[in-house]
Amino acid sequence: AHASAPGPSGAPVLVASNRGPVSYSVRPDGTLDARRGGGGLVSGLSAVGPEGGALWVCAALGEGDREAVRRGVLEAGVRMLDIDAEVHADAYHGIANSVLWFVHHMLYQTPLEPSFDREFRRQWAAYEQYNRAFAEALAEGAAPGAAVLVQDYHLALVPGLLRELRDDLRIGHFSHTPWAPPDYFRMLPDDIAAQLLHGMLGADRLAFLTRRWADAFTACCDAVVGGTGATRIGVHGLGADAEFLRERAHREDVAGRTAALRAQIGGADRRTIVRVDRTELSKNIVRGLRAYELLLAERPEWRERVVHLAFAYPSRQDLAVYRAYTAEVARVADEVNSRFGTPGWTPVILHVEDDFARSLAAYRLADVALVNPVRDGMNLVAKEVPVVSDEGCALVLSREAGAYEELGEDALAVNPYDVVATADALHAALTMPGPERAERTARLAAAASALPPQRWFLDQLRELRGS
Ligand code: G6P
């Protein structure tokens, strides 16, 4: 477990996020299955240790979670809020994932820009209610003077609301997404934009993954609410957990997955281009497939000699636009396969079932990693691949990923919209001489693991307490 129960006087350290460290499902026999999540925040908080008495406040996300709350079986140190399912849906699907995620990633494109109508206002009221529920739970669970670390765009109003309830707390907020420049951000209705920024500015300290996102946020504050006031702004670029990944990547289940993948790839000297993503619009999976298709079309020497392992794990399937995108990814992969495939060669191997051991196996054997998001807060795949790669892996990296700020020098940088340039970069990556590839991978791995999650978390805590 990442933390023990907070003491009777409240927790000295609190984390708040929509998605918690554990999720439950009801088995056919009625018992509950608990699944622990991975990710930077889970390992980051482990640095506080059991004696730290941390409390993680999160939302119940499905029937299994709600049932766990009802049965009172949650582990110590986790408080799941059983928010009304409709309120949660409006706040999470309606506002957080359909509006705020789209604004921060600049995913709205003409003519599909939103209309902020009465329905939006109704959902916004749910978002406020949802944020208030978090603020109240945090106010109730925090020890005097406690440090509270609020996460992401789901909970942008929490700092301001919590400040009103508990002026003694140290409040921090961390954005895991990019932040859009003012010209784009001001697409939001003026009063909503101002409310959102004021909500965040209720924190003592706001933090972002890169300087670029922090500067964009500051520019939005200047444009919309006349500055950032007394709130401090920091940058903490979350890195890969190298120690954990290397150990995990050498367990037996990964070896089994490696053998299975090699059998699928076929032909011992075939090169592999690997991508691993949530099936997420910002990840730009379709243009990645088109770039690969172009490579095969224009450089026939690669046919039969390369395989693209594309792992695209379905995400946010309650939203129609994500379902459509998931279907399009599958359709385009099929198209490439029917255009170029031969009896002994499948050009694209698409896997959609989330399997961390298989992802690690792919990282280890990749010759090339393709990370081409149109916009991404950081992108940890770009950092994890070089850390676990067996023989070195060339990294084709979008300059719009936060990771580019740290890895840009040793990656092959691409404009994610430029499919021709991406195809060229794939060719350059496939033909990079072995020694150069190994040297670059070593430098990438060092840069990628410079700020492991535990340090990332403790740095924020120290900065917040120093305020
Ligand atoms: C991004 C967000 C996280 C979120 C994750 C998965 O990384 O920054 O806050 O948890 O996506 O999305 P989901 O909607 O499934 O929680």
Residues in segment 405-438 that are in contact (Cβ under 8 Å) with a residue 12 or more places away in the chain and either among the hydroxyl-bearing types (Ser, Thr, Tyr) or over 15 Å from Asp376 (Cβ atoms) (or both) total 18
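Kindly state which helices (runs of 4 or more DSSP H) lie completely within segment 375-430 and contain at least 2 residues that are of a type in the set (Lys, Arg).
Result: empty, no element qualifies.
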Going through segment 384-399 in order, the residues found to be more than 28 Å from Ala255 (Cβ to Cβ) and either more than 18 Å from the chain's Cα centre (by Cα) or surrounded by fewer than 23 Cβ atoms within 10 Å (Cβ to Cβ) (or both) are Arg399
The condition of being in contact with a Leu (Cβ under 9 Å, 6 or more places away or on another chain) and of a type outside the set (A, V, I, L, M, F, W, C) holds, among Arg331, Arg323, Arg316, Arg339, only for Arg339
Listed by first then second residue, the pairs whose first member lies in segment 39-66 and is in a helix (DSSP H, G or I), whose partner is crowded, with 18+ Cβ neighbours inside 10 Å and acidic (Asp, Glu), with beta carbons under 7 Å and at least 6 positions apart or on separate chains, are Ser43/Asp241
So, first residue of a type in the set (D, E, K, R) in segment 85-103, second residue away from the ligand (no atom under 12 Å from the Cβ), Cβ within less than 6 Å, six or more apart or across chains; the pairs are Asp90/Gln123; Asp90/Ala126
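Yes/no matrix, rows are residues, columns are (1) touching a helix residue (DSSP H, G or I) at 6+ places or on another chain (Cβ under 6 Å); (2) under 28 Å from Gly94 (Cβ atoms); (3) among the aliphatic types (A, V, I, L, M); (4) in a helix (DSSP H, G or I):
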{"position": "Ala137", "(1), (2), (3), (4)": "no, yes, yes, yes"}
{"position": "Leu162", "(1), (2), (3), (4)": "yes, yes, yes, yes"}
{"position": "Asp168", "(1), (2), (3), (4)": "no, no, no, no"}
{"position": "Ile171", "(1), (2), (3), (4)": "yes, yes, yes, no"}
{"position": "Tyr184", "(1), (2), (3), (4)": "no, yes, no, yes"}
{"position": "Ala193", "(1), (2), (3), (4)": "yes, yes, yes, yes"}
{"position": "Leu196", "(1), (2), (3), (4)": "no, yes, yes, yes"}
{"position": "Gly199", "(1), (2), (3), (4)": "yes, yes, no, yes"}
{"position": "Trp213", "(1), (2), (3), (4)": "no, yes, no, yes"}
Checklist entry - Does Ala47 qualify as being among the aliphatic types (A, V, I, L, M), surrounded by 21 or more Cβ atoms within 10 Å (Cβ to Cβ) and away from the ligand (no atom under 13 Å from the Cβ)? => result no
Sole miss for Leu107 among (1) modelled with pLDDT under 95; (2) aliphatic (A, V, I, L, M); (3) within 16 Å of the ligand (Cβ to nearest atom); (4) assigned to a loop (DSSP other than H, G, I, E, B) is condition (1)
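The values are calculated or read from the model by the stated rules, or taken from the named source; none is laboratory data. Everything numeric in this text was worked out from a predicted model, so none of it was measured. With ideal geometry, Cβ positions are generated from the backbone for all residues, glycine too; neighbour counts draw on all protein chains shown.
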